[in-house]
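Structure, as C-alpha cells:
Each value in this text was obtained by applying a stated rule to the coordinates, not by laboratory testing. If you're wondering where the values come from, they're calculated on a predicted model, not measured in any experiment. Quick reminder, even Gly has a Cβ in these numbers, built from the backbone with ideal geometry, and neighbours come from all protein chains shown.
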Amino acid sequence: MSEQDKKAPALPKAIIPWWQDGTTTTDVIKEPYFLSKGVHTFFVKIRGWLLYPLQQSDALTCSESLLKLMAWDKDIERFNNEPLYLFRKRVKFAAINAKDAGSIAGFIRIFERLGVGFVQVNERLPERDWDIISIRLSDSQLSEHFELVGTLIKHYGRTCRRYEYQVVNSVQWTIALTQLDWQQECSVVVFGGITMSQSIITLAFEQYKAEQEATAAVVELNEFVLANVTNENPSLPIDRTEGLPAAEFIVHVADTSQEGFVNPNAVVYSLIMDTTIGDFEFNWIGLRNKESGMIAAISHIPKVSKFKTIVGVQNGNAVTRSIMMSYFGAQALTNINVDASTWQIDFTARLFGMDEQLV
C-alpha cells in the first residue's frame, strides 16, 4: 500500500437490506449479491485512477520512466546493477540527504536512511593528515553495500577530503548476571593503650617485639587464623593472655594477602578470601608469626558466614578482614614500605584517635 493509499479515505461498502443481499433469504447466492459486489469493485478502480497522479509524484511508487526524470532533476545517477528499490530511495531522499551532507551526524543519517546501517565518521584523526576522514563500518556492511557506500561518499562527501574505510568486526558477548557479595572490616589494636574491647594486642606480642628490637630483627606477622569458637561473646573484653583456640575450632588458616603502613606508627595486615574459599563460619580472628606460632593480635567478632561459589547451586561471597596494629616505630620494626590501600583501613575507628594513643 502506497503512502497515498494510506492518506486517502477508505472506500465504504454499501449496506444492502437483508431481503436484497442475495444471501439471507436463500441457501444459494443470488443476483443482488453479485451486483453489489461488482459496483463496489468498480468504485475501487475509480479510486485507484484518482490516486494514480498522486502516486506518480512519489519516487517510491511512480513509473520507472518518470523515476528517471526525477533522478535527472535531483542529480542522481543509477550505478551499475543498482536495485530498483534502492534507486527509488536515493531519488526519494535526495533533498534531505543533500541537507544532511554538511555535518557528521547528518552524514551518518544518510547511511542509515539508505539501509547501510549505523557507521562512525571520524575527522581530525590524531597523527594523520588533516584532510583524512575515516568511515568506520563492519565487514558485512562494506561487502554488501560497497558500490552504494562509494557512491554516497562521491556524491555527498566534502570537497578536498580523502576518505578511508576502517573495517571493524563485531564480537558477540555473553554476560551472566550474578550476585556480588563483598564484606570488609578492619580491626584496630593499640600497643599499651586503650583499645576496642573486641580487639587486643597480646602480651605474647609485647615480649616478641621486645626480643626483636633487642636483636635488631624484623617484626614479622605473616599468617591469619580464623576459628569458630563455641559460646564466645564478642561484646566481652579479651584476656591479653589468650592464645590459639583448640584445633577443633579452627576453620581456616592463610598467609596475609597484603601488608601496608598507614603512618610510621601504624601498619595494617589484610586477608582476602574470594569466592573459591568456603564453606565455613568464624567469630575469632588471629594474626600470628607463622614460624613461631606466636599470636600477636586477636579480634572477637559476631559470627560471619563464608561461602564459595558452586555453579548452579549457590553464589559465593568475598570477605576481607584487616587488622591495623598501632605502636611506636611500627613501620621501621616491620620493614613494611608499601602504602596501605584505602580498602584496608576503616577510618571510622580512627576518628576517635584509637590508633594514636601510643605509649
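Anyone know which of PRO17, PRO264, PRO234 comes out most mobile in the 10 Å Cα GNM of the chain? Comparing PRO17, PRO264, PRO234 in the GNM, the peak value goes to PRO17.
For the pair GLU211 and ASN335, label points projected 7 Å from Cα toward Cβ lie 1.8 nm apart. Out of ASN317, ASN80, ASN337, any idea which swings most in a Gaussian network model of the chain, alpha carbons joined below 10 Å? Result: ASN80 has the largest fluctuation of those listed.
Charging the Cβ of each Asp and Glu at -1 and of each Lys and Arg at +1, and nothing else, the dipole of the range 182-350 about its Cα centre rounds to 260 debye.
Computed from phi, the 3J(HN,Hα) profile of the range 102-118 under the Karplus parametrisation 6.51, -1.76, 1.60 (θ = phi - 60°) reads x, 9, 5, 4, x, 4, 5, 5, 4, 5, 5, 5, 9, x, 6, x, 6 Hz, with x in place of Gly and Pro. Couplings 3J(HN,Hα) of the range 206-212, computed from phi: 4, 5, 4, 5, 4, 5, 5 Hz, in residue order, whole Hz [Karplus 6.51 cos²θ - 1.76 cosθ + 1.60, θ = phi - 60°; x for Gly and Pro]. Between VAL28 and ILE46, the simple label model (points 7 Å from Cα in the Cβ direction) yields a spacing of 3.2 nm.
Our compactness index for the range 182-350, the C-alpha radius of gyration over the empirical 2.2 N^0.38 Å, is 1.02. Here the translational diffusion coefficient of the chain follows from Stokes-Einstein with Rh set to the Kirkwood radius across Cα pairs; for 20 °C and 1.002 mPa s it amounts to 73 µm²/s.
Loop-located trypsin sites (Lys or Arg not before Pro) across the range 120-180 with a Cβ neighbour count of 16 or fewer within 10 Å are ARG124, ARG128, ARG158, ARG161, with loop assigned by DSSP. Starting from the Cα of LYS303, draw a straight line to each of the lysines and keep only those under 20 Å, dropping any in the same chain fewer than 8 residues away. LYS303 reaches no qualifying lysines. Among LEU137, LEU35, LEU148, the residue with the largest mean-square fluctuation in a Gaussian network model of the chain, with springs joining Cα atoms closer than 10 Å, is LEU35.
Relative to the current alpha-carbon distance between GLU112 and PHE328, full extension at 0.36 nm per residue lengthens the span by 70.8 nm. In the range 251-308, the ratio of gyration radius to Kirkwood radius, Rg to Rh, stands at 0.99 when only Cα atoms are counted. Measuring spread by the Cα atoms of the range 93-168 yields a radius of gyration and Dmax of 11.8, 36 Å. Partner lysines whose Cα lies under 19 Å from the Cα of LYS290, excluding those fewer than 8 positions away in the same chain, are identified as LYS209. Listed values for the range 148-156 are Karplus-derived 3J(HN,Hα) couplings in whole Hz (6.51 cos²θ - 1.76 cosθ + 1.60, θ = phi - 60°), namely 5, 4, x, 5, 5, 5, 5, 7, 10, and x replaces Gly and Pro.
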